[in-house]
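The values are calculated or read from the model by the stated rules, or taken from the named source; none is laboratory data. These figures come from a predicted structure and were not determined experimentally. Ideal geometry is used to build each Cβ from the backbone, glycine not excepted, and the neighbour counts take in all protein chains shown. These area figures cover heavy atoms from the full protein model, side chains too; ligands, DNA and RNA do not enter into them. Shrake-Rupley method; radii C 1.70, N 1.55, O 1.52, S 1.80 Å.
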Amino acid sequence: MTDEKERTTPVSRWKGRSRLGKVDLYTRGTVYSIQWGAVAVTVLLLLTRPVRHDAPLALTAAAILAALVNGALCHRFGRVAMAAYLTGDGVPLRAAAWPSAATGVLTASVLALGTVADLTGLQPMMLGSALVPVLSGHSLAVRPRVNALHQPALAAVFAAAVAATGQGGPAVLLTALTVVFITVWVAVSVRVSMWVLRVMWELDDARDVQARLAVAEERLRFGRDLHDVLGRNLAVIALKAELAAQLAGRGRPEAADQMTEVQRIAQESQREVREVVRGYREADLRAELEGARGVLAAAGIECTVGRPTADIAALSPRVQSALGWVVREATTNILRHGDARHCSITVDATARWVRLTVENDGAAPARPHRGTPGSGLAGLRERLLAVGGTLEAGPAPEDRFRVVARVPAGEPGPLAAAGGGSTTDEDLKESA
């Protein structure tokens, strides 16, 4: 199938330690275990005493081989059916053709064994276990209403086949009841499990959409701010430039005054744009702490923000911005790369240092991004170095991960601002 790879590639997003990846692995493993468990049961029933003593060896070997081939073909069919169910695509008929044919061959082998060996009580179990592999994919490939119609029809076909071999009414009734039970059990078990997984797929997609909407909303806000700042000023500049051109064409000296006014408005617009961009790029520490708590809580992660030992509002804007970026990046790493259940954020301050600690019980360190500075832990180190700070990130006791950022409480000195600041042992002891 050409689209099979495209349908299954989203699973790669959840490989690793993520909870969604574990659910995906558990659900698919459950379906595969049902299939191969049924194959194992079929093979074991074919090795029981009545079959070994009464049935020809060639027929028994052919039935066992048919059970193994049926399991392999139905495994692939189940994989295709799961991908189609999760993505909403249809399953081509050719995907179910070979598994259905293999199941038919296995069923015919079991019925043939019933004619040469006394399989009283065993044959219904053999027929039921032979159906499980193909039914696990069939229950996902068709709608529940269609599946409900197929179940009694399948029971009637198997009951008629058993009756055609000359067996009595009790064997026919037991076969029909067994087939009905097996079909209902497989359909409910497999479909409910995959339904839960599909809901989690949709929740993950909804989170992605929500994140993209938040980015789009922020872009719109930034665009509105720029429009409000530049719209009026550019209109005034255009009018005054037009007026200056007319005055200059007439040789009027007022044209120079108008051009001076245009220059003043342009400089004022530059200043206002810088203010907008600065407010857009700088991170407020208090807002980032509250935002981290809300975002992590929405993701099901308990976040505890300790009471700061200093007044955050008294910190300089550069210090707040640097620590705010640490909180933002650490929160992003917890959501993207880990499987945390609890996170704690503390802000401690001394007379010379401010220390921010972000610790969680399941997050892994983010890989530094290549290209644009300011992303990942490497970008955070650059931001903190610009204000004379340091960053430490790594495993902590009890399988935890800890990020510690230290920033001077006051304005950085000339060396720190230039990226050449250093941290003494005395300063580190005080910050610790």
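Being modelled with pLDDT of 50 or more and touching a Pro at 6+ places or on another chain (Cβ under 8 Å) is the requirement here; does Leu377 meet it? Judged against the criteria, Leu377 is a match.
Results for (1) at pLDDT below 80; (2) within 17 Å of Val326 (Cβ to Cβ); (3) open to solvent by less than 20 Å² (accessible area, probe 1.4 Å); (4) assigned to a helix (DSSP H, G or I), shown as yes or no for each residue.
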residue: Glu359; (1), (2), (3), (4): no, yes, no, no
residue: Ala363; (1), (2), (3), (4): yes, yes, yes, no
residue: Pro368; (1), (2), (3), (4): yes, yes, no, no
residue: Leu385; (1), (2), (3), (4): no, yes, no, yes
residue: Glu411; (1), (2), (3), (4): yes, no, no, no
residue: Leu415; (1), (2), (3), (4): yes, no, no, yes
residue: Gly419; (1), (2), (3), (4): yes, no, no, no
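Inside segment 387-403, can you point out the residues that are crowded, with 17+ Cβ neighbours inside 10 Å and in contact (Cβ under 8 Å) with a residue 40 or more places away in the chain? Result: Val387, Gly389, Leu391, Phe401, Arg402, Val403. For segment 285-307, the tally of residues that are of a type in the set (Gly, Ala, Ser), touching a Ser or Thr at 6+ places or on another chain (Cβ under 9 Å) and surrounded by fewer than 21 Cβ atoms within 10 Å (Cβ to Cβ) stands at 2.
So, in segment 196-229, how many residues would count as being of a type in the set (Asp, Glu), open to solvent by less than 80 Å² (accessible area, probe 1.4 Å) and more than 13 Å from the chain's Cα centre (by Cα)?
2
In segment 96-113, the residues that are closer than 12 Å to Ala130 by Cβ form Cβ pairs under 8 Å with partners that are assigned to a helix (DSSP H, G or I) and aromatic (Phe, Trp, Tyr), at six or more places apart or across chains, as follows: Pro99/Phe77; Thr107/Phe158.
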